[in-house]
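Report on the following structure.
Read-outs throughout are calculated quantities, based only on the coordinates presented, and are distinct from any laboratory measurement. Please read these numbers as outputs of a predicted model, since none were measured by experiment. Cβ atoms come from the backbone with ideal geometry, glycine included; neighbour counts cover every protein chain shown.
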Amino acid sequence: MIHEYLKTKPKILIKATIRFFGSDMQDEFTEFDRSDSWDDVLEEVDEQAYYANRNQSQQAAKLNMCDNRYCNVLPFDDHRVKLSDESSDYINASLVKVAAANREYIVSQGPLDHTAGRFWLMIWQKKCPGIVMLTKLYHGDMVICDLYYPDEVACGEDNVVKFQSEGLTLALMSKETSSNGYILRKFKLTDVKTLRKTLVHMFLEQYLPLCTTLPVYIVA
């Protein structure tokens with residue numbers, strides 16, 4: 001499983017060359033599936049990451065260990081996302097630039113219960129239009145991502161969550177499930193001081209984590 005791989009392979013590939021994009025990337029992933037070569041690919045990525053990142057500092061992450069889900073999956077100081085917040089600028093998230101596509105992405109850990117508000121503060125401050133959720137909430141009985149968004153069962157009829165420390169509210173506007181298993185949730189994120197609002201779309205695939213079609217479909 002991908003989350004198990006991350007626990008045993010703590011290096012994070014930040015400096016990388018994207019060889020393919022769009023349909024070519026999908027073709028490459030399909031070939032990896034066909035040839036059953038994902039282990040070799042991950043081993044190569046891990047080796048490249050080791051040499052690229054061995055001199056990188058993780059000082060901020062180590063000073064905020066209670067905000068990290070795993071002790072060995074930490075953002076590097078040079079690439080971490082910094083929040084504009086008086087209490088702390090730290091969140092376990094890294095900025096990834098894809099020059100070939102002229103795009104930037106944020107790679108984040110699955111929020112902990114006490115970091116959910118900071119996650120949505122990041123979404124607000126960085127003006128993120130969408131979230132691609134690449135993990136489930138549970139692996140067996142183990143929590144691998146806390147519920148960080150409003151849910152019909154968890155939050156009652158209003159489907160609204162208030163993040164008082166961050167001054168934000170999050171409301172679930174709609175939820176749709178496609179025939180191929182994609183779940184699309186639409187949220188309204190509101191700043192309680194200015195009453196400014198933004199819409200955020202979240203994509204979740206039911207058959208995670210061994211699926212490559214959704215990430216390529218969304219980022220392309």
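For the range 182-197, 3J(HN,Hα) computed residue by residue from phi via the Karplus equation (6.51, -1.76, 1.60; θ = phi - 60°) reads 6, 10, 10, 10, 10, 10, 10, 9, 10, 7, 6, 7, 9, 6, 6, 10 Hz, glycine and proline entered as x. Here the Karplus curve 6.51 cos²θ - 1.76 cosθ + 1.60, taken at θ = phi - 60°, turns the phi angles of the range 141-147 into couplings of 9, 8, 6, 10, 7, 6, 5 Hz, with x standing for Gly and Pro. Judged by the ratio a/c of the largest to the smallest principal axis of the C-alpha gyration tensor, the range 56-206 counts as rounded, that ratio being less than 1.5. Rounded to 0.05, the FRET efficiency of the ARG34 and HIS139 pair, given R0 = 30 Å and the Cβ-Cβ distance, is 0.70. Between CYS66 and ASP151, the FRET efficiency from the beta-carbon distance, with R0 = 25 Å, is close to 0.50.
Each residue in MET65, MET202, MET173 was given a count of other beta-carbon atoms within 10 angstrom of its own, and listing them fewest first yields MET65, MET173, MET202.
Working from label points 7 Å from Cα in the Cα-to-Cβ sense, the THR194 to SER84 distance is 0.8 nm. Listed here are the pairs LYS82/LYS197; LYS82/LYS175; LYS62/LYS162; LYS62/LYS188; which of them are more than 27 Å apart at the Cα? LYS82/LYS175; LYS62/LYS162; LYS62/LYS188, as the Cα separations exceed 27 Å there. The string of couplings for the range 164-181 from the Karplus curve (6.51, -1.76, 1.60, θ = phi - 60°) is 5, 4, 8, x, 10, 10, 10, 10, 7, 8, 7, 8, 10, 10, 7, 5, 9, x Hz, one whole number per residue in order, with x for Gly and Pro.
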